[in-house]
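Remarks on the structure that follows.
The values are calculated or read from the model by the stated rules, or taken from the named source; none is laboratory data. Model, not experiment: these values are computed from the prediction. Note that each Cβ is placed from the backbone with ideal geometry, even for glycine, and that neighbours are counted across all protein chains shown. Ligands, DNA and RNA are excluded from the accessible area calculation, which covers all protein heavy atoms including side chains. Shrake-Rupley method; radii C 1.70, N 1.55, O 1.52, S 1.80 Å.
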Amino acid sequence: MSIQNPSDQEIKEILATNKRIAVVGLSDKPERTSYMVSEAMQKAGYEIIPVNPTADEILGVKAVASLKDIDGEIDIVNVFRRSEYLPEVARETAEVGAKVFWAQLGLESEEAFDILQEHGIISVMNRCIKVEHAKWK
């Protein structure tokens, strides 16, 4: 199945109603895109949960090693890992029951998309969550 993102209106609704974001591959280095995007989303009122097995804390929040280590529901899984890792993250997203899988700009995988579709998980690929959020605020 070919990748099809939600419409702009659906993306607006996703961002308006889902405020808890687990960021897979969030770097603890302020100069990295994942840090800058996550910091902007945190400042916009979203709860950011860093998923990085090599960091203790990022953006003032305790980091976890995997999605499975997060207590409570996850609204959005925002992914900053190379495209070849997306199927693995998609499977873990399905296991934890997250509502939305979001692969950042430049990242997409038909295999991951198919996995997400099988589990009824909304998927957005090759889009920057910060840019999309800025369109609607």
key: Unique match (being in contact with a strand residue (DSSP E or B) (Cβ under 9 Å, 6 or more places away or on another chain) and either assigned to a helix (DSSP H, G or I) or open to solvent by 60 Å² or more (accessible area, probe 1.4 Å) (or both)) among GLU132, GLU111   = GLU132
request  = Could you check how many residues of region 67-95 are within 20 Å of HIS119 (Cα to Cα), assigned to a loop (DSSP other than H, G, I, E, B) and under 13 Å from the mean Cα position of the chain (by Cα)?
outcome  = 2
remark   = All-but-one check, GLN4 against (1) assigned to a loop (DSSP other than H, G, I, E, B); (2) under 13 Å from SER123 (Cα atoms); (3) open to solvent by less than 60 Å² (accessible area, probe 1.4 Å), failing number (3)
request  = Can you confirm whether region 22-37 contains a residue that is exposed (fewer than 13 other Cβ atoms within 10 Å of the Cβ), of a type in the set (Gly, Ala, Ser) and at pLDDT 95 or above?
outcome  = no
key: Which numbered condition SER66 misses (of (1) in contact (Cβ under 8 Å) with a residue 60 or more places away in the chain; (2) open to solvent by less than 50 Å² (accessible area, probe 1.4 Å); (3) of a type in the set (S, T, N, Q))   = (1)
note = Only one of (1) closer than 24 Å to GLU47 by Cβ; (2) of a type in the set (Ser, Thr, Tyr); (3) in contact with a Leu (Cβ under 8 Å, 6 or more places away or on another chain) does not apply to SER83, and that is (1)
ask   = Mind checking whether some residue in region 92-106 is farther than 24 Å from TRP136 by Cβ and either touching a residue at least 60 places away in the same chain (Cβ under 8 Å) or open to solvent by less than 10 Å² (accessible area, probe 1.4 Å) (or both)?
value = no
